[in-house]
Amino acid sequence: MTVDPNAATRGFPEPAGRGPRPARYLVPAFVAGAVAVGLGVYGKVHDPAGTAFDLAGFSSTGAVKAWMASAAMFFALVQLVSALMLYGKLPGPAWSAALHRWSGRAAFLIAVPVAVHCLYALGYQTYETRVMWHSVLGCFFFGAFSAKMLLLRWERLPGWLLPIVGGLVLAVLTVIWLTSALWFFRTFGVTT
Ligand code: HEM
């Protein structure tokens, strides 16, 4: 005879706060979708302003953005290393959690003005495969990032969820950097 381990609870509601309730993940999923689609629609429907700006020491707007994107990428890699320390996969100092928090804040604060320029001045473009992926993932990044920030506030998350969402945000930022800053440096040289 096979024993059904769920027989005692079948047909009864799940006790409050116990067990997986997939419906609650709809909130961050919905927010992520709304942010990504909202940015994409804005980037697509408005007329790209084409605005350029100068910063002392830099030869062009693109150079400033490529270096800022690289700085954001650097802090994102610090995020990865400090996360591995927090999960005990790498030896780390007592301040690993602070390192994780502050490197995340730095990466985000540096990436935002770059993306604002992309969205406002260049818009959502698809004239090349590289540019199409850059635009799609640029919007997706802010959606996935919003979802991660929401999930961080929640208790009783399954242990695998944050590493997956955090890894996704890092992977997306990496592709954004490859399709923009790396392309810029390869095309125009590694100059400021
Ligand atoms: C984390 C977010 C983002 C980062 C770090 C980033 C970074 C960059 C960088 C460094 C460049 C090259 C410099 C330049 O040509 O101005 C670039 C170009 C560009 N970005 Fe972004 N971007 C982001 C998000 C977005 C978004 C959301 C869009 C539009 C929906 C977008 C659209 C573009 C376009 C159309 C280009 C010109 C591509 C080309 O012709 O090479 N980017 N981005």
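Just need a number here: residues in segment 42-60 that are part of a helix (DSSP H, G or I) and in contact (Cβ under 8 Å) with a residue 60 or more places away in the chain. Working first, answer last.
Just the residues of segment 42-60 that are part of a helix (DSSP H, G or I), to begin with: 42-45.
After this cut, where a residue has to be in contact (Cβ under 8 Å) with a residue 60 or more places away in the chain as well, the list is 42-44.
So the answer is 3.
Here is a list: 178, 168. Which entry is within 15 Å of the ligand (Cβ to nearest atom) and farther than 26 Å from residue 52 by Cα? That would be 168, the only listed residue that is within 15 Å of the ligand (Cβ to nearest atom) and farther than 26 Å from residue 52 by Cα.
Conditions (1) surrounded by fewer than 21 Cβ atoms within 10 Å (Cβ to Cβ); (2) over 26 Å from residue 54 (Cα atoms), marked per residue:
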{"position": "111", "(1), (2)": "no, no"}
{"position": "116", "(1), (2)": "yes, no"}
{"position": "120", "(1), (2)": "yes, no"}
{"position": "124", "(1), (2)": "no, no"}
{"position": "129", "(1), (2)": "yes, yes"}
{"position": "135", "(1), (2)": "no, no"}
{"position": "144", "(1), (2)": "no, yes"}
{"position": "150", "(1), (2)": "yes, yes"}
{"position": "164", "(1), (2)": "yes, yes"}
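The set of residues in segment 55-85 that are under 13 Å from residue 190 (Cβ atoms), in contact with a Phe, Trp or Tyr (Cβ under 7 Å, 6 or more places away or on another chain) and aliphatic (A, V, I, L, M) contains only 66.
With respect to (1) exposed (fewer than 15 other Cβ atoms within 10 Å of the Cβ); (2) at positive phi, the lone exception for residue 23 is condition (2).
Going by what's in this entry, would residue 87 be described as at pLDDT below 95 and out of contact with any helix residue (DSSP H, G or I) (no Cβ under 6 Å at 6 or more places or on another chain)?
Details: at pLDDT below 95: yes; out of contact with any helix residue (DSSP H, G or I) (no Cβ under 6 Å at 6 or more places or on another chain): yes.
Considered against the rule, which asks whether it is at pLDDT below 95 and out of contact with any helix residue (DSSP H, G or I) (no Cβ under 6 Å at 6 or more places or on another chain), residue 87 comes out as yes.
Looking for something at pLDDT below 95 and away from the ligand (no atom under 11 Å from the Cβ) - is there at least one such residue anywhere in segment 65-77? First the steps, then the outcome.
At the first step, the residues of segment 65-77 found to be at pLDDT below 95 are none.
Within segment 65-77, none of the residues are at pLDDT below 95 and away from the ligand (no atom under 11 Å from the Cβ).
The values are calculated or read from the model by the stated rules, or taken from the named source; none is laboratory data. Since this is a predicted model, take the numbers as computed values, not measurements. Please note: Cβ atoms are built from the backbone with ideal geometry, for glycine as well, and neighbour counts cover all protein chains shown.
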